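One structure is given below, encoded as structure tokens.
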Amino acid sequence: MSEKLVIGNWKMNGRTGRNADLIAALKALPAVCRDGVGVAPPAAYLGQLGAALAGTPLALCAQDVSRFAGDGAYTGEVSAAMLADLGVRYVLVGHSERRQYFGEDNTVLADKLEACRQSGLTPVLCVGETLAEREAGAALTVIRSQLSVLEAYAGRALVVAYEPVWAIGTGKVAETGQIEEIHQEIKKWLLQCGRGADNIRVLYGGSVKADNAEAIFSVPGVDGALVGGASLDAETFKSICNAA
Ligand SMILES: O=C(CO)COP(=O)(O)O
């Protein structure tokens, strides 16, 4: 895909005042950049950002979604229908922090993907290996097993994000050769399971910063980025979006 997509994942950060400042700065991005930019605030601030982004090309994104699709007695959960109601377009599904701290596996993630499909949301399925898995030569096996959740996903709308766990929040960005290899493998896998890989963006995530963004975006097969820490600083995030 030619047009890059850059999503800022704020993780569990933000306050109403700071959010407003950050969004005001992003609205000042040139229109050509704003088209492929999304922001994923904590669920608590989706309403605030939905209102702030209304009428702009910036995409509202969610960091997670309930596996339960219908309304009901699921205390603490936020459904896909609620996200759609707030104007959300993309939803992160299976971020490594969800897998690590909340035990999310393919059974849970299959439900989340289906909930997204039912509400017309585009899931961003996050995959990636730990350092131990890479050192054991198991990176591709792990990623293929994470991708296998897509075999039961009937939706067309899809983004995949390759985020090596060892590169998240560590400042250790994967080498361009490693990124290219995994992105090509993900695209090959998508094709093999009958998905037109040309229509599916594969993003890279893990210590993307202003000073490495251009190099990462020029790697063949990289269709954008999922940015964590660097998306909390307006100027840094803007530089990354401009590099895309
Ligand atoms: O997890 C990430 C985005 O989802 C990446 O985080 P960092 O950019 O802070 O490494």
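Every number here is computed from the coordinates shown, using simple stated rules; none is lab data. Just so it is clear, the model here is predicted, and its values are computed rather than measured. Neighbour counts are summed over all protein chains in view; Cβ atoms, including those assigned to glycine, are modelled from backbone coordinates with ideal geometry.
Averaging the Cα positions of each part gives two centres, and for the range 224-244 and the range 144-176 these lie 19 Å apart.
Estimated from the Cβ-Cβ distance and a Förster radius of 51 angstrom, the FRET efficiency linking residue 56 and residue 152 is about 0.90. Loop exposure criterion: GluC sites (Glu not before Pro), DSSP state outside H, G, I, E and B, at most 16 other Cβ atoms within 10 Å. Applied to the chain, the longest stretch between such sites is 78-174. Ordered by the number of other Cβ atoms lying within 10 Å of each residue's own Cβ, fewest first, 241, 116 fall into the sequence 241, 116. Using the rule -39500 (n - 2.57) for each DSSP H run of four or more residues, divided by the residues of the chain, the 222 nm mean residue ellipticity is -11000 deg cm²/dmol. Length gained on full extension, residue 3 to residue 18, computed as 0.36 nm times the residue gap minus the Cα-Cα distance: 2.5 nm.
Over all other residues within a Cβ to Cβ distance under 9 Å of residue 154, the charged ones net out to +1, with Lys and Arg as +1 and Asp and Glu as -1.
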